[in-house]
1. Just give me the residues in the range 1-26 being open to solvent by less than 50 Å² (accessible area, probe 1.4 Å), within 17 Å of Glu347 (Cβ to Cβ) and of a type in the set (A, V, I, L, M, F, W, C), in sequence order.
2. Scan (1) at pLDDT below 90; (2) in contact with a strand residue (DSSP E or B) (Cβ under 6 Å, 6 or more places away or on another chain); (3) assigned to a helix (DSSP H, G or I) for the single condition Lys216 breaks and write down its number.
3. Could you check the range 465-484 and list, in sequence order, the residues that are open to solvent by 40 Å² or more (accessible area, probe 1.4 Å) and of a type in the set (D, E, K, R)?
4. Within the range 238-252, take every residue that is of a type outside the set (A, V, I, L, M) and out of contact with any strand residue (DSSP E or B) (no Cβ under 8 Å at 6 or more places or on another chain) and give me the one that is nearest to Ile71 (Cα to Cα).
5. For the condition open to solvent by 20 Å² or more (accessible area, probe 1.4 Å) and either within 22 Å of Gln621 (Cα to Cα) or not charged (D, E, K, R) (or both), what is the one hit in Leu553, Leu576?
6. What number of residues within the range 346-361 satisfy the criterion of being of a type outside the set (Phe, Trp, Tyr) and open to solvent by 10 Å² or more (accessible area, probe 1.4 Å)?
7. Of the conditions (1) out of contact with any Leu (no Cβ under 9 Å at 6 or more places or on another chain); (2) at pLDDT 90 or above; (3) part of a loop (DSSP other than H, G, I, E, B), Asp78 clears all except one; give me its number.
8. Is there a residue being acidic (Asp, Glu) and under 19 Å from Arg61 (Cα atoms) anywhere in the range 540-552?
Amino acid sequence: MLKKIYEKLILRFPIAVLAALFVIVGILTIQASKLEVDASAETLLLEDDSDLLFMREISTRYPSGLDMLIISFAPKNDLFAPETLRFLDEISQELKKVQRVDSVMSILDIPLLENGGSAVKELVNDITTLRSPYVNFQKAKEELLTSPIYSENVVSKDLKTTAIIVMLKADETYAKLLEKRNSAREAVTKGDTGAEETFKIASEEFKKYRDELRIKERQNIDEIRAILKSHNDEGALFLGGVNMIAVDMITFVKSDLVYFGAVLFALLALTLWVIFRQIRYIVLPLLICAISIISTAGILGFFGWEVTVISSNFVALQLILTISIILHLIVRYRELASKYPKATQKELVLLSTLSKIKPSFFAVFTTIIGFLSLMLANIKPIINLGWMMASGITMSLLIAFTAFPSILAILPKKKLYTKFEKEFAFSSFCAKIVDKHGFFIVLTAACMIVFALIGIQKIRVENSFINYFKSSTQIYQGMKNIDKNLGGTTPMDLIVQFNTDKSADEEEDDFEKEFLEDKNDPKYWFTPKVTNTALGVHDYFENSEFIGKVQSLGTLLKVGKRLNEGRDLDSFELALIYTKLPESYKSMILSPYINIEHNELRFTMRLIDSDPNLKRNELIQKANEELKEIITPDIGTYRLSGAMVLYNNMLQSLFKSQILTLGAVAALFLVIFIPLFGSLKASLLALASNLIPMSVVFGFMGFAGIPLDMMTITIAAISIGMGVDNVIHYIHRFKEELRLSGGDYTKAMYNSHNSIGYAMYYTTVATALGFGVLVFSNFIPTIYFGVLTVAVMIMVFFGAIILLPKLLLIFKPFKY
């Protein structure tokens, strides 16, 4: 049937077929303009993570750090020099003029609790700041250096760096649309079919407003950076914060999409020229690649799939997969043209196309399975990457087997340039190694297995945010400075929910009994149980390795003890601070850490993300176990929350799903190989020659200490899908050569290397160049992804062209 389609349609009316193809591509080009980028933190979270729901619930009760930017400032002069303080005031006034800025806080504005009188009543009635005319600068300096509230938070330990906090105006419309979308999504998750339309509408409304808001955020970030740049002569100024990272990540993703595509096209053009030295074999592959990418982008735009950090390299992946298909067709056509010089152009095109449909289809099919295995990750961007690449490679296959024969059928036959094959007969060299050095090959394979098994056990799963970016980027510089000097970067919270029932042995003085009628009265709430828990948990985290600044009610209790000359604050004094302290100061030192209405405490901390010894999952597990000794069941319950917990959940879930999936994918490939190759033994050899070299790369990662993160953890699924392409093409050709040689395995091996071996060699070079381009990304996980995937693809190439043929010669799975 396929032969009739090609003979009576594609090769008979090639111009009409191409015209129809370009009309379809034109329609998809319009849809491609709708393709959008989403680099928000939400794209890196599990869809049904209970910790995410908990964090969203908690965020309604406490102020969020999402609408805040942090500027770290290391002045050239002394921090307390008049010119430095004057500059802090000037830049604060400039920043306040930026449209989205609500307020700016520096050391000039923070309450100096130890600068005035020591009595709590005196404190709440008269708050001193560095702006106060009667401030004692020496005492202020000492307080900033030693205060549990400010040291390593507002100022560094050496008083050489300070933080300028820029609070952004909360966007109520955004918050409402986000809540509306999340509520509708939750209803759909619970099985409410009627909520699906509501969720769709809510998602579209949220997305539209979010895109409009991002333009404004980009403008505000640019304006703030311009202000900082204009004051570079005052000292080192670095900008940090969630909003800045999100804005910059969108810029990185868009840049990667354009840059990688352009550079890769140029490299592929150069490679094709070196190999073939004929214009048609440069223009034809690149043209098919271009329309395949445009068509895929159109499909993504039509379905509303957004490009994220994880899927930002889909252009490079698409190019590589498409060029692989085309190279196999070109090499086969050139081989037949040399073998049958008297055949007509259409006969050569028909024969080459039909001979490659079966292996190409199964190669693409296994690649699709590899990508679709990502759907089990339960992380939307990774799921979308699976769908993107599955639809993309399907589109590439259809376009390649339509455009290639149609265009080539129009072109006249031309004398082939074969100098490259003769001078760089690499596949012939590999055939000699297979024939003459069998023991060395088997020994090397055995050593590779041992190396991989030991190394894989050393692999760890980590997600260092600072190390995700090149040191030259402003994101890295800002985060590194804050991490080093101002108490860490990655946030984590602990929420302690106290039991509502009072224990029988808890003492109640007359003052407390008077207010039992109103359990939410602060005079009643600050009991010894609350204060002791606050101090115990605070001290635990403060003494924990890898945790930087800790802030909680315990911080205020420690400051209060200093104010009271070593005496703890009692419930009356705490209630007085809670009720009488001005709201602007209360929101800094108390409100973020207690919620009397919900009877709970909140502890906020930041991890030293740049510490190479930090093992995040172990830290979380250790904290959850050891806190049981401080927060006993009679006191209440506790739960860790925050970005640190969510991203760790994402990585651990992704690791488990991908490891389990890898085994399932390998088993599925075996099921596909058996009818394809007609031999169980050959199928097992094919799988082994693919998995052994691939596992070496993961063994190397273990020995080298390269962690699995949100990008590199997907290499296994992607590589096993792409890696089996060479195996399929080689065995398909080997069986044909074995039949033609009358069952002579050695002759079949040499003939296979001298035919399909070239296509495998060329596609591996193209793949290495394609993924190698990723090293120019500003995103370190993308660089690792590119380098490691290049390593995997080179290893599986050698597995297919050296290990597999040797195994075939040893075990002889086919009978003729």
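1. Correct list: Ile10, Leu11.
2. For Lys216, the failing item is (2).
3. Answer for the range 465-484, where residues must be open to solvent by 40 Å² or more (accessible area, probe 1.4 Å) and of a type in the set (D, E, K, R): Lys470, Lys480, Lys484.
4. So, considering only residues that are of a type outside the set (A, V, I, L, M) and out of contact with any strand residue (DSSP E or B) (no Cβ under 8 Å at 6 or more places or on another chain), the one nearest to Ile71 (Cα to Cα) is Asp248.
5. After ruling out the rest, the residue left standing is Leu576.
6. Adding up the residues that qualify gives 9.
7. All conditions pass for Asp78, except number (1).
8. The answer is no, given that none of the residues of the range 540-552 is acidic (Asp, Glu) and under 19 Å from Arg61 (Cα atoms).
The values are calculated or read from the model by the stated rules, or taken from the named source; none is laboratory data. Only a predicted model underlies this, so the values are computations on that prediction, with no experimental measurement involved. When we count neighbours, we look across all protein chains shown, and the Cβ atoms used for this are built from the backbone with ideal geometry, even at glycine. Remember, those area values only see protein heavy atoms, side chains included, never the ligands or the DNA or RNA. Shrake-Rupley method; radii C 1.70, N 1.55, O 1.52, S 1.80 Å.
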